[in-house]
1. Output the qualifying pairs, or none if there are none: Cβ atoms under 9 angstrom, residues six or more apart or on different chains, first residue in the range 138-152 and open to solvent by 10 Å² or more (accessible area, probe 1.4 Å) and among the polar types (S, T, N, Q), second residue modelled with pLDDT of 95 or more and assigned to a strand (DSSP E or B).
2. Could you please find all residues in the range 441-469 being assigned to a loop (DSSP other than H, G, I, E, B) and open to solvent by less than 20 Å² (accessible area, probe 1.4 Å)?
3. Looking only at the range 7-57, which residues are under 14 Å from Asn159 (Cβ atoms), crowded, with 18+ Cβ neighbours inside 10 Å and charged (D, E, K, R)?
4. Ala199: modelled with pLDDT of 95 or more and open to solvent by less than 10 Å² (accessible area, probe 1.4 Å), yes or no?
5. Scan the range 294-303 for residues that are surrounded by fewer than 20 Cβ atoms within 10 Å (Cβ to Cβ) and either in a helix (DSSP H, G or I) or in contact with a Phe, Trp or Tyr (Cβ under 7 Å, 6 or more places away or on another chain) (or both) and jot them down.
6. If only one of Ile250, Ile278 is over 26 Å from Leu165 (Cα atoms) and part of a helix (DSSP H, G or I), which one is it?
7. What's the number of the condition Gly406 fails, among (1) open to solvent by 50 Å² or more (accessible area, probe 1.4 Å); (2) modelled with pLDDT of 95 or more; (3) under 24 Å from the mean Cα position of the chain (by Cα); (4) under 30 Å from Pro145 (Cβ atoms)?
8. Starting from the range 309-322, take each residue that is on the phi > 0 side of the Ramachandran plot and list its partners that are of a type in the set (Lys, Arg) and crowded, with 18+ Cβ neighbours inside 10 Å, counting only C-beta distances under 9 angstrom and pairs at least six apart or across chains.
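The values are calculated or read from the model by the stated rules, or taken from the named source; none is laboratory data. Here the structure is a predicted model, which is why all the values come from computation and not from measurement. Because the Cβ atoms are built from the backbone with ideal geometry, glycine has one as well, and the counts that use them run over all protein chains shown. Side chains are part of the model used for accessible areas, which takes the heavy atoms of the whole protein and leaves out ligands, DNA and RNA. Shrake-Rupley method; radii C 1.70, N 1.55, O 1.52, S 1.80 Å.
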Amino acid sequence: MTNYLELPLKEIQKKIKNKEIKPLDLVLEAFDKIEKSNLNAFITLNKDAIEEAKQLENMEIDNPLFGIPIAIKDNIVTKNLKTTCASHMLENFDPIYDATVIEKIKQKHMIIIGKTNMDEFAMGSTGETSYFGPILNPWDITKVPGGSSSGSAVAVASNITPLALGSDTGGSIRQPASFCGIVGLKPTYGRVSRYGLIAFASSLDQIGPMTRTVYENALLLETISGTDEKDLTSSEKPVPNYTEYLEKDIKGLKIGVPNYYMNEAINPEVKTKIEEIIDQLRQAGCQVDYLDVFYLEYAIPLYQVIALGEASSNLARYDGIRFGHATDTYQNLEELYKKSRSEGFGKEVKRRLMIGSYVLSGKNANIYYNKALKIRGQMIESFKQAFEQYDLLIGPTNTDVAYPLGTKGDDALKSFYDDLLTIPANMAGLPAMSIPVGFNHDHMPIGMQIIGNYFKEETIYQLASYVEKHRNLESGKTC
C-alpha cells in the first residue's frame, strides 16, 4: 500500500503536477485504507470516484486542490450518493441534487471518497449514536472520537483523506477535532452556505473544514465560502485569501482568555497546556489578559432549549409520508406516524425531540424558548464587548481529552457537557477553531480553541499558524 496521502498537501499536489502520481493513485490508496481500517469512519463509499479520477488525468491542473480526495459528513447532501444522517430514518435516501459546498468542491475537481459516519442527525458528542455503529478514535480505539462529525475527524486523523467537511451546531467540528488531534474550524454563521445541509438547529448549524494542518484548512475554507442565493442567511461579504495570513507576524495581537474557560471543570493537564501557550504568546509579543465574558455559564441550558426546540421543528417532516422511513404495519394514519418515527429514529434523537417539542408547546414557548433567546442576545452582547478590546479569545476546546466508549451512555445530560466550551461560539455565530497543542500522559490529543470576531477567520488562521509552527506536533496517526 502506498502512503501518498500521509504527505503534506503541497507535496501531494507537486507529485500530481510532475506526473509522479495520478489522482487515481490517491483514490485507490484511500479505498485500501478504508477497507483495512477498523474505525467505522464511513457509511457509504463513492464508487464513481475511480472513474472520476481517471477523467482528471488529462485535464489541466488549475488549483491546489485538484485531484485531492475529500470525505463528506453524511448530513450534507450529495447527488446520486446516499445521504443517511447515520439514521434508519434516511437509510435509503438518494439525493437528486448537490449541496452548495459540494458544487464548490466539484468545481475544484476534488474527489469525494465517501460519506462519513456521525452521531445520528448530528445529535451526540461521542460518535456512538449512529445507526451504523460507533466510530472509534484512531489514537486509541477504546476511546470516543467525539461528535457529531466523528467520521470526518477520524478520516483525517488516520490519513484516509487529507480533507473533510463537517458540520457544527454546538461544537460538532471542534470537539472531535480536539479528541482526534486535527484542525477543525466552525466559520462565522453565514460565511458558508447551509443549502443542502440537513438541518438540526437552523440558527446554529454551520458547515466547516476539518484538516491535518492550518494551511489545508484555510485553503478548504476559501473553496467552500461565499454568498449563495439559495441560502438567504449566507453573507455577501467578500471571501479573503486566508492562506496569505498564515505567515503574518502575531506581535501586537490582543488576546483574551475568558475566566470561564479555565474553571475548575477543566482537566489540570489540559489547563497546563493552555497556560504554556499563553506564556509562549506573551513571549512572542502578544498581549494576553484574563477577562469575564458574561452568560457563558448558561450555554448548556440555552442549547437544550434553542437547539432542541429547533430540531423538533426541523425533524417533524420525517413522518413516513413526506420523507423518511415508513413502517410496514399500521392500522390508521396516527399509527403510521407513530410507528414510522419510533422505528426510524434512534434513542438519542427521540429523547432530544421530546424535549424540543415540550419547550415549544403552548405557554412553554414563552417560558423557555423566548427567554432563552433573550439570554442568548445578552451573551452575544458580552462577546461583542470583549471584541472591542481583543482580537481573539482562546481557551481549551474541551474540558478533558477523549474518554472510554460507553462512559456517558447512561446519563442524558452528561454528553451535553462535552460541548460546555464550544456552544457559546454557536450561540453568538462567531468563528472558532480547534487546533492540537499537545498530549496528556496517555498520549491523547489536547485541543486549544481560538474564537474570532465576526468574519475574522483570517485572524484565527494567523494565530493558529504560529501555534502550529511552534508546537511541532505530529499531525495525524495511521491506524
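1. So the pair list comes out as Thr142/Pro404.
2. Initial filter on the range 441-469 (assigned to a loop (DSSP other than H, G, I, E, B)): 441-444, 453-456.
Residue satisfying the conditions is Met444 alone.
3. Those that are under 14 Å from Asn159 (Cβ atoms), crowded, with 18+ Cβ neighbours inside 10 Å and charged (D, E, K, R): Glu29, Lys33.
4. Values: modelled with pLDDT of 95 or more: yes; open to solvent by less than 10 Å² (accessible area, probe 1.4 Å): no.
So Ala199 fails the test.
5. Result: Glu297, Tyr298, Ile300, Pro301.
6. The match here is Ile278.
7. (2)
8. Gly320/Lys339; Gly320/Arg341
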